[in-house]
Amino acid sequence: MAKKVKGKAKQSAAKARPGKRGAVDVGSGNVFADLGYADSDERRLRVQLAMQLNELIAARPLTQAQAAALFGIPQPHVSELRNYKLTRFSSERLLRFLTQLDRDVQILIRPKARGSAAGLVSVLVA
């Protein structure tokens, strides 16, 4: 581990990375699609829903144990939700949690945007 000495750390970092810079690819807006996940839209939706849940839990404020009791799940599962480990949660289940936090969930279906190859699923917060 390098010592943090004023002026020295900058020189060490410069030596560690020679003058080459890699190409930067512009993302699609969905990191899961960019990483090649087949279920990228579902993963993105679950992260968006989890972000809202975590904000609502913090705003109340609820402990993980209190949120677990409200949702009817074990506390370690709330910890997973808090840390965006979402493999055990379906979109429908996350939507139900939102309603248990006194939120109405409305699903709007409309024609896809022009120029878009496929329809888009997204979360809008009012």
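For segment 90-110, a residue qualifies if it is closer than 12 Å to L45 by Cβ and open to solvent by 100 Å² or more (accessible area, probe 1.4 Å), and the qualifying residues are E92, I107. Scan segment 53-99 for residues that are of a type in the set (F, W, Y) and assigned to a helix (DSSP H, G or I) and jot them down. F71, F97, listed by residue number. Being open to solvent by less than 80 Å² (accessible area, probe 1.4 Å) and either in a loop (DSSP other than H, G, I, E, B) or out of contact with any Phe, Trp or Tyr (no Cβ under 7 Å at 6 or more places or on another chain) (or both) holds for only one residue in A117, A113, and it is A113. Pairs linking a residue in segment 81-107 that is free of Cβ contacts under 8 Å to residues at least 40 places away in the same chain to a residue that is among the small types (G, A, S), with Cβ atoms under 7 Å and 6 or more positions apart or on different chains, are L81/A50; Y84/A50. Kindly check whether there is at least one residue in segment 7-30 that is within 30 Å of E92 (Cα to Cα), open to solvent by 60 Å² or more (accessible area, probe 1.4 Å), at pLDDT below 80 and not in a loop (DSSP other than H, G, I, E, B). No - not one qualifying residue is present in segment 7-30.
Hey, does segment 115-122 have a residue that's polar (S, T, N, Q), closer than 20 Å to S40 by Cβ and in contact (Cβ under 8 Å) with a residue 60 or more places away in the chain? Checked segment 115-122: at least one residue is polar (S, T, N, Q), closer than 20 Å to S40 by Cβ and in contact (Cβ under 8 Å) with a residue 60 or more places away in the chain.
Picking from residues in segment 50-61 that are touching a helix residue (DSSP H, G or I) at 6+ places or on another chain (Cβ under 7 Å) and among the aliphatic types (A, V, I, L, M), the one that is most open to solvent (accessible area, probe 1.4 Å) is I57. Does I73 fit the bill of being out of contact with any helix residue (DSSP H, G or I) (no Cβ under 8 Å at 6 or more places or on another chain) and surrounded by 16 or more Cβ atoms within 10 Å (Cβ to Cβ)? Spelling it out, I73 is indeed out of contact with any helix residue (DSSP H, G or I) (no Cβ under 8 Å at 6 or more places or on another chain) and surrounded by 16 or more Cβ atoms within 10 Å (Cβ to Cβ).
The values are calculated or read from the model by the stated rules, or taken from the named source; none is laboratory data. Computed from a prediction, not measured in an experiment: that's the story for all the values here. Cβ coordinates were reconstructed from backbone atoms using ideal geometry, including for glycine residues, and neighbour counts include every protein chain displayed. Just so you know, the surface numbers come from the protein's heavy atoms only, side chains and all, with ligands and any DNA or RNA stripped out. Shrake-Rupley method; radii C 1.70, N 1.55, O 1.52, S 1.80 Å.
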